[in-house]
1. Scan (1) in contact with a Pro (Cβ under 9 Å, 6 or more places away or on another chain); (2) modelled with pLDDT of 80 or more for the single condition Gly164 breaks and write down its number.
2. Inside the stretch 48-136, counting only strands (runs of 3 or more DSSP E) that do not spill past its ends, which hold 3 or more residues that are out of contact with any Pro (no Cβ under 6 Å at 6 or more places or on another chain)?
3. Are there any pairs with C-beta distances below 9 angstrom linking a residue in the stretch 127-146 that is at pLDDT 85 or above to a residue that is of a type in the set (Phe, Trp, Tyr), with the two at least 6 apart or on different chains, and if so which?
4. Taking Glu43, is it modelled with pLDDT of 60 or more and in a loop (DSSP other than H, G, I, E, B)?
5. Among the residues of the stretch 72-121, what is the count of those that are touching a strand residue (DSSP E or B) at 6+ places or on another chain (Cβ under 9 Å), among the small types (Gly, Ala, Ser), surrounded by fewer than 14 Cβ atoms within 10 Å (Cβ to Cβ) and within 11 Å of Asn45 (Cα to Cα)?
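The values are calculated or read from the model by the stated rules, or taken from the named source; none is laboratory data. Fair warning: this is a prediction, and the values are worked out from it, not measured in the lab. In this analysis, Cβ positions are derived from the backbone assuming ideal geometry, glycine residues included, and neighbour counts consider all displayed protein chains.
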Amino acid sequence: MGPLLYEELSERGISNTVIIGVAIVGIAFLVGGSIVYFSTGPEPNFKTKDLSISRTKVALGEPVTAQVRVANVGDAKGTHTIKLRLDGETLKEKVTLEAGESRTVDFDIEKHEKGTFSLDIEDLSESFEVAEPAKFELSSLRVSPERAKPGEEVTVTADVRNTGGVEGTHTLKLELGGGCRKIQRR
């Protein structure tokens, strides 16, 4: 026996019956002689993965970039808001993707206090440390020979130590008779 039409149901004395039909694309039901149909249709479905940060240790005020891959694995175009949570603060970025499309979303972060900071995007998390900037101290300056004749090679050495919290580089300058020349590193 196939489905009964509304007229057949009325002939059998069934008048206040609601028939609900469920399909993949929608829901239809019969109420008081009218068929009402709701279409759910294809929908977007967003997934995030591959959260990464540009550096795990930076100096005060230096930027860290957090990147996350967002994919629309659904069947329709849609817009999704990515929320990055960082110590009680929320950064948001909206992304619109076609069905099957994916994109990398970047967040640039700067912290102006020292410490270790955790960031979360949905169920993904990373952390980074903010430390004092590189600071260099020069000691044990040595010149050999102490007196040289014009054209004679002179070697100048020094100990340089980074007492800051992050890696860094420093260029030393050597002044000779009022002129300035870069030293050769060894």
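1. (2)
2. Details: elements: 57-59, 63-72, 78-86, 89-97, 102-110, 115-121, 124-131.
Here the list reads 63-72, 78-86, 89-97, 102-110, 115-121, 124-131.
3. Ser127/Phe117; Phe128/Phe117; Glu129/Phe117; Val130/Phe117
4. yes
5. Taking the stretch 72-121 first, the residues touching a strand residue (DSSP E or B) at 6+ places or on another chain (Cβ under 9 Å) are 72-74, 77-87, 90-121.
The next check asks that each one be among the small types (Gly, Ala, Ser); those that pass are 74, 78, 99-100, 102, 115, 118.
Subset that is surrounded by fewer than 14 Cβ atoms within 10 Å (Cβ to Cβ): 100, 115, 118.
Still in the running and within 11 Å of Asn45 (Cα to Cα): 100.
Total satisfying the criteria: 1.
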